[in-house]
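In what follows, a single structure is set out as structure tokens and then discussed.
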Amino acid sequence: MNFAAVCLVGVMSVLAAGKPVPVEQGMAKAPPVTTSDGPGALDDARKVAEAYLKALEGKGDDRARNYLLGGSTLTANDFTIPNWKIAKRDASRTEEKGVDGAVKMMRELERKGAEALNTVVVSEDTQLALTQEQANKLLEPTRRLAQKFIESYPLFSYVARVGKDVFWHPENPWLKEVKKLEKGSTYKLELHRFHIEEQDSGGNKRIWPLRVLRVTTKTYDSGWKILPASDWDPNY
């Protein structure tokens, strides 16, 4: 499945050439919440976010990079920011649902994606040529299941990055995290999203999302973690 997942990202890109046919069309958004200016209360989520940001700025404990879900990577270790401030903060989101149903639907989505891949995998000397209509038809079962997943488990699927290419990558840390959730239990997933503002030497600003999450069951606690794969850099 790991090899298939890696290949699927490339296949989806090939299918989307020309007129886009993204598998994430119309999805991959977290449940709506209110947003307020500034960093908000100095709670645990904000403390983790600020510790991580200070590490990226080079003004804090570099070990805070390990707050990344799945641990820090070589890419993450090289990433720095010159300055930052928390411009806005979303109200927290919480979801409590059964582990088995969420994991089953996630695995089924992986299976459907693999089936789509197997349909288009060709020999090395054969050119892949699909019409737009054929590509849309090929991806439709995957889209339908992804949408159903999002509707049934909106926060779980959002954290899993459903609708993003990174969902299919075998190193997606959420795919590994769910293996720690005991079968037959109920998970509590809490998410805080901060809007981080940076400014370069030319005065140009950009705002990007930093997500802090925690998932618990009766016997497991992930602790507060930073969710990788930000919208502004889907490979991070």
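Numbers below:
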quantity	calculated
Condition check for Val178: among the β-branched types (Val, Ile, Thr), surrounded by fewer than 22 Cβ atoms within 10 Å (Cβ to Cβ) and under 18 Å from the mean Cα position of the chain (by Cα)	yes
Criterion violated by Asn136 - all others in (1) more than 12 Å from the chain's Cα centre (by Cα); (2) at pLDDT below 90; (3) under 30 Å from Ile86 (Cβ atoms) satisfied	(3)
In segment 183-216, the residues that are closer than 26 Å to Arg63 by Cα and hydroxyl-bearing (Ser, Thr, Tyr)	Thr216
Enumeration of residues in segment 197-209 that are farther than 13 Å from Leu227 by Cβ, assigned to a strand (DSSP E or B) and touching a residue at least 12 places away in the same chain (Cβ under 8 Å)	Glu197, Glu198, Gln199, Arg206, Ile207
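Each row is one residue, and each column tells you yes or no for (1) of a type in the set (Lys, Arg); (2) farther than 27 Å from Gly38 by Cα; (3) surrounded by 17 or more Cβ atoms within 10 Å (Cβ to Cβ); (4) out of contact with any Ser or Thr (no Cβ under 8 Å at 6 or more places or on another chain).
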| residue | (1), (2), (3), (4) |
| --- | --- |
| Tyr153 | no, yes, yes, yes |
| His169 | no, yes, yes, yes |
| Tyr187 | no, yes, yes, no |
| His195 | no, no, yes, no |
| Lys225 | yes, no, yes, yes |
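The values are calculated or read from the model by the stated rules, or taken from the named source; none is laboratory data. These numbers were taken from a predicted model, which means no experiment stands behind them. Virtual Cβ from ideal backbone geometry, glycine too; neighbours counted across all protein chains shown.
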